[in-house]
Structure formats: C-alpha cells, structure tokens
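Below you'll find the structure, written out as structure tokens, and then a few comments.
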C-alpha cells in the first residue's frame, strides 16, 4: 500500500481535487483491488462520503458494468475507475458525466503503471496539451507519417480536438489516468498506419515487429495481424462496419513517460508518440457505437496540420 500512496494522492488531490462535501465512488474489480483501496484511503482523507464498488472484471474493453455499478457512478460527484477492462467507452461512463460527475478511468491499470504514470506534474502536462491544441485546433486535415511506413491523412471535418490533461475539476469532465494526450475522432481517413509500439493483445512489440492497417473512407479495409483481425471480425458480427471505424487520432503529451512498457493506457500518453484507434468513438466526439476500441501506438511520428509540421512534446520514448 505504501508504494501506491503517493500516486493515489496525486489522483485524488491534484487530478480530481476531491472536496470534503463531495461524494466519491471508487469502481474496481478484484484484479485491481489494491489500487482501488489506495484510492479509497486517499479519498477518505478528503471526504467521509466515499465508497468502493467492486464487480467481476468485464469480458472486453468497453463492456457495460452491472446496473448497480452504473447507478453508483451516476450518483457520485467524483468517480475513479481502476478496472481490468476499460469503462472509458461505455454508456455508464457517459451517463455519469451527463449527471455531472467528474470521472477518471484507469483501464487495465497495473501497480507499476499506476506508480510511474501518476509520478508526474499534471499542470505541466496540461500546458503541453495546450501547446499542441494551438497548432491543430483549426486544421481541416492532419497527416501522419513514420519511417516504419505510416502515411495516413485524416479529414477532421466539424469534429473538435479534445485534451486529456488529467485535470478533472469541473462537473461533467472526464479523463484517463495516467493522462496526457490531445485527440480527435476524425470524420474520415485514408492511407496506411503501421503500429511499431504497443497494441493489444500483443502488448509491446519487439524491435522490427509491426502491425499494418489499410484505411479507406474512414474504414479499416486490411489488417495484417490475424488476432486483431479476428477481434474486429467478431465485433463486426454484432455491429457491422462500425467495428472497422477509424475511431481516433491521438497525440501523446506526457513527457514523464520516457519508455514504452506495453500498457496501452500509459504508452498512448507518451510525449511525441501518436496513437490511432479502431472501433467505438461515441464517447470521444464521434457517432459510432462499437464493442471495441483498439489503440495502436506509433513511435517517432511526423504530424502535419494543413501542411504545417506540428511541434510535438519532446522527451518521450525512441
């Protein structure tokens, strides 16, 4: 517990700023219970109205929690969710935000990632997010290239770039923790992206190992990896083309993350990286519902906003 105390206090005090008069729900499962307990103890020092809500781990990222969990989330002023499977892209999370809760999800969090990812100055991360936003906010088109073979262009359309700063102080706000990214759900995309960092179910890829995806008119048309292809095909049996949706373009801004470790939650925030996701985007400014949201991290990208190169946060992994 002592190793988790510092990052738990960062989450409760700096990131969520829990107040004495507020209610706080810690949503967790038996695999993440030590982190849930650490957050409970830190929150208990700020408010008497705090509870741990535990449920069996979900089947997949984005699967809905049991109804009593959803109700507890919607009834709280502050929600922190260290869970095995992500609640970020669920109706339970959006309903809690719509009810005014401040929500931080910690999907797939481990004790090591919790310790490393929360050992950061989140005010500084927010500043890096602001700097990137100033460069991309009005762009109609964003292009990403890498030496590994990525060359993909995103049509932003009427969608807005959003910031995941880790600072969740206003009602209805939401963030991942660890945090640090600027992201958008593009209206369309065309080209190729090559993942050479981290992507589930593989975790951190070996040097020289890559996963290649072809994209046309906003849909992924070819997937080089059998396991990921099967995951998307299974989701498509339920929701059709929505499973192939090019869901997200994200730019990492957390320069405290100096190496990729195989955790999508942490690695997608690494300063100077880009991540691209397939599937659901309804919770991040899009209109596609799908039971999957698969992020792949790209090392050392070059990003152009309407033809102008974007200066990315430095200090991240190589």
Meets criteria (surrounded by fewer than 23 Cβ atoms within 10 Å (Cβ to Cβ) and either in contact with a helix residue (DSSP H, G or I) (Cβ under 8 Å, 6 or more places away or on another chain) or at pLDDT below 95 (or both)) for residue 201: yes
Lone unmet requirement of (1) assigned by TED's automatic domain parsing to the domain that holds residue 24; (2) on the phi > 0 side of the Ramachandran plot for residue 166: (1)
From 49, 77, 59, 95, residue being at pLDDT 95 or above, farther than 18 Å from residue 295 by Cβ, outside the structural domain of residue 228 (by TED's automatic domain parsing) and out of contact with any strand residue (DSSP E or B) (no Cβ under 9 Å at 6 or more places or on another chain): 95
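Specify which of the listed residues (212, 221) is touching a helix residue (DSSP H, G or I) at 6+ places or on another chain (Cβ under 8 Å), over 19 Å from residue 63 (Cα atoms), at pLDDT 95 or above and assigned to a strand (DSSP E or B). Outline the logic, then answer.
Numbers: 212 fails: touching a helix residue (DSSP H, G or I) at 6+ places or on another chain (Cβ under 8 Å).
Of 212, 221, the one residue that is touching a helix residue (DSSP H, G or I) at 6+ places or on another chain (Cβ under 8 Å), over 19 Å from residue 63 (Cα atoms), at pLDDT 95 or above and assigned to a strand (DSSP E or B) is 221.
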Selected residue (criterion: surrounded by the fewest Cβ atoms within 10 Å (Cβ to Cβ)) from residues of the range 97-123 that are in a helix (DSSP H, G or I) and touching a helix residue (DSSP H, G or I) at 6+ places or on another chain (Cβ under 6 Å): 115
Conditions (1) out of contact with any strand residue (DSSP E or B) (no Cβ under 8 Å at 6 or more places or on another chain); (2) in contact (Cβ under 8 Å) with a residue 24 or more places away in the chain; number of the one not met by residue 208: (2)
Enumeration of residues in the range 29-46 that are in contact (Cβ under 8 Å) with a residue 40 or more places away in the chain and touching a strand residue (DSSP E or B) at 6+ places or on another chain (Cβ under 7 Å): 29, 32, 35, 36, 39
Tally, over the range 222-266, of residues that are over 21 Å from the mean Cα position of the chain (by Cα) and either crowded, with 19+ Cβ neighbours inside 10 Å or closer than 28 Å to residue 312 by Cβ (or both): 4
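Could you check the range 267-290 and list, in sequence order, the residues that are assigned to a helix (DSSP H, G or I) and under 13 Å from the mean Cα position of the chain (by Cα)? I'd like the intermediate steps shown before the answer.
Filtering the range 267-290 down to residues assigned to a helix (DSSP H, G or I) leaves 267, 282-284.
267, 283, 284 - these are the residues of the range 267-290 that are assigned to a helix (DSSP H, G or I) and under 13 Å from the mean Cα position of the chain (by Cα).
Among strands (runs of 3 or more DSSP E) lying entirely in the range 141-188, which contain 2 or more residues that are surrounded by fewer than 17 Cβ atoms within 10 Å (Cβ to Cβ) and in contact with a strand residue (DSSP E or B) (Cβ under 8 Å, 6 or more places away or on another chain)?
151-155
The values are calculated or read from the model by the stated rules, or taken from the named source; none is laboratory data. Computed from a predicted structure; not experimentally measured. Quick reminder, even Gly has a Cβ in these numbers, built from the backbone with ideal geometry, and neighbours come from all protein chains shown.
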